Amino acid sequence: MRFETRAVHAGGKPDPATGAVAPPIHLATTFEHGPAAETPLGYMYIRDGNPTQARLEEALAAVEGGETALVFASGMAAAAAYLQALPSGSHVVYPSDVYYGVRALAQEFLPRWGTEATAVDTTDLAAVRAALRPNTRVVWAETPSNPLMQVSDLAALAKLAHEAGAALAVDGTFATPAIQRPLELGADVVHHSTTKYLGGHSDVQGGALVFAKKGEAAERTTHVRKIGGGVGSPFNSWLVLRGLRTLACRVERASSNAVAIARFLAGHAGVEAVHYPGLPSHPGHEVARRQMSAFGGMLSFRVRGGRDAALRTTSRLKVFVNATSLGGTESLIEHRASSEGPGSPTPQNLLRVSVGLEHPDDLIEDLAQALG
Ligand SMILES: *Cc1c(COP(=O)(O)O)cnc(C)c1O
């Protein structure tokens, strides 16, 4: 079955107790068990697993083409649990352009957990190969990346990682499974902040990992989640499952709007550079065409005139909301270096845009008046 159909039906069996077509939200924290803690229905305590979270896990595994999925309280809880599950003495390769929270995990937390981490440009396969070591367990990729929208070749990275005995883990938050499915390209794990497109309405926090195979990595990560406690709540799992139902339509519209905006920005004298993989001038365009079925709703651009000109632009916008995060119905814009805070490597004239579902002409007119 095709993605659109799976996204509508996965994890959507009518409730066996009532026939309800919309899934129930089970808020129970504890489930009746036998005298020696036997669990005939599979549930015991909410932190181990609960029926609403299990529905979402079943759905995410189905849409990504994985054998098993784990849902978390946030994208960062998911990433942290996966990396914390590595045996100490491991080594991780991660991208130099990456979500700032993952960079903080790699730089501050992994060394404390006994894991070394090396930042490389994952669009440069020779650089990745040179960074691999005998104890490399994971190559972490993020494509398209935040906030420079770099595109890494997932099939090539999977081959490199596997030759070195490492797993390829991919943060696919910006693309979503609607337009990029890393497991089909050879990745071992796909990571999502479901706070973004999967939730889709800027009103729920969550994260997920989908594993190509059941096995040691999934089991170790399940144990970290159970003991560490970063599980998803039933209500949030329900909202993300609801978001998944419309994901294909939303990403299609956001992508077509983003193409129109990227073209407009690329032709504007006040714009120094546009980072969008859908533009033929983007260095990752050919790879993106191969591994994505559309180019997504995220883009960034650099305003001519530096930081002040960039800030002036965002403050003049009327339709775009100045806010961080992404993947909601409304278009958002932010001065990314300010959001990332002191020490951010992001260029000072860069604005990051999450293109929403408004009419593209209203968005372009808004940008035109703001750029002047
Ligand atoms: C938001 C985001 C995360 C972190 O997810 P949270 O749900 O905010 O914890 C990780 N990676 C990417 C690409 C993101 O956009």
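List of remarks:
- Given 10 as the ceiling on other Cβ atoms within 10 Å, longest exposed-site-free region of the chain for trypsin sites (Lys or Arg not before Pro) in DSSP loops: 3-317
- Counted by neighbouring Cβ atoms within 10 Å, the residues Trp140, Trp113 run from fewest to most as Trp113, Trp140.
- Placing a label point 7 Å from the Cα of Gln348 along the Cα-to-Cβ direction, the residues of region 248-290 whose backbone N falls under 20 Å from that point are 270-274.
- Positive contributions from Lys and Arg (+1) and negative ones from Asp and Glu (-1), summed over other residues with Cβ under 13 Å from the Cβ of Ala59, come out at +2.
- Between Glu219 and Ala104, the distance separating the two model label sites (each 7 Å from Cα on the Cα→Cβ line) works out to 3.4 nm.
- Viscosity 1.567 mPa s, temperature 4 °C, Stokes-Einstein D of region 248-371 from Kirkwood C-alpha radius, µm²/s: 89
- Relative protection proxy for 15-26, 73-84, from highest mean packing down: 73-84, 15-26 (other beta-carbon atoms within 10 angstrom).
- Simple spin-label estimate for Ala269 and Arg133 in nanometres, 7 Å along Cα-Cβ: 5.3
- Net charge of neighbours whose Cβ lies under 12 Å from the Cβ of His191, counting Lys and Arg as +1 and Asp and Glu as -1: -3
- Straight-distance crosslink candidates among lysines, where the alpha carbon sits under 24 Å from Lys318 and sequence neighbours closer than 8 are dropped: Lys196
- Counted by neighbouring Cβ atoms within 10 Å, the residues Asp171, Asp124, Asp97, Asp308 run from fewest to most as Asp308, Asp124, Asp97, Asp171.
- Calculated FRET efficiency, Glu286 to Arg312, Cβ-Cβ distance, R0 = 41 Å: about 0.70 to the nearest 0.05.
- When the alpha-carbon atoms of the chain are used, the pair Rg, Dmax equals 20.7, 74 angstrom.
- Projecting the Cα atoms of Leu241, Gly356, Gly206 onto the charge dipole of the chain (Cβ charges, centred on the Cα centre) puts Gly356 farthest toward the positive pole.
- Only helices enter this figure: runs of n ≥ 4 DSSP H residues, each worth -39500 (n - 2.57), summed and divided by the residues of the chain, yield -10500 deg cm²/dmol at 222 nm to the nearest 500.
- A simple charge model with +1 on the Cβ of Lys and Arg, -1 on the Cβ of Asp and Glu and nothing else charged puts the dipole of the chain at about 180 debye relative to its Cα centre.
- Axial C-alpha extent at least 18 Å, average Kyte-Doolittle at least -1.0 - helices from the chain (DSSP): 51-64, 247-266
- Alpha-carbon centroid distance for the pair region 122-185 / region 1-57, whole angstrom: 32
- Listed by Cβ neighbour count within 10 Å, with the fewest neighbours leading, Glu116, Glu64, Glu340 appear as Glu116, Glu340, Glu64.
We did not get these values from a lab; they are worked out from the coordinates using the rules stated. Just so you know, these numbers come straight off a predicted model, no measurement behind them. Every residue, glycine as well, gets a Cβ built from its backbone with ideal geometry; the counts of neighbours run over all protein chains shown.
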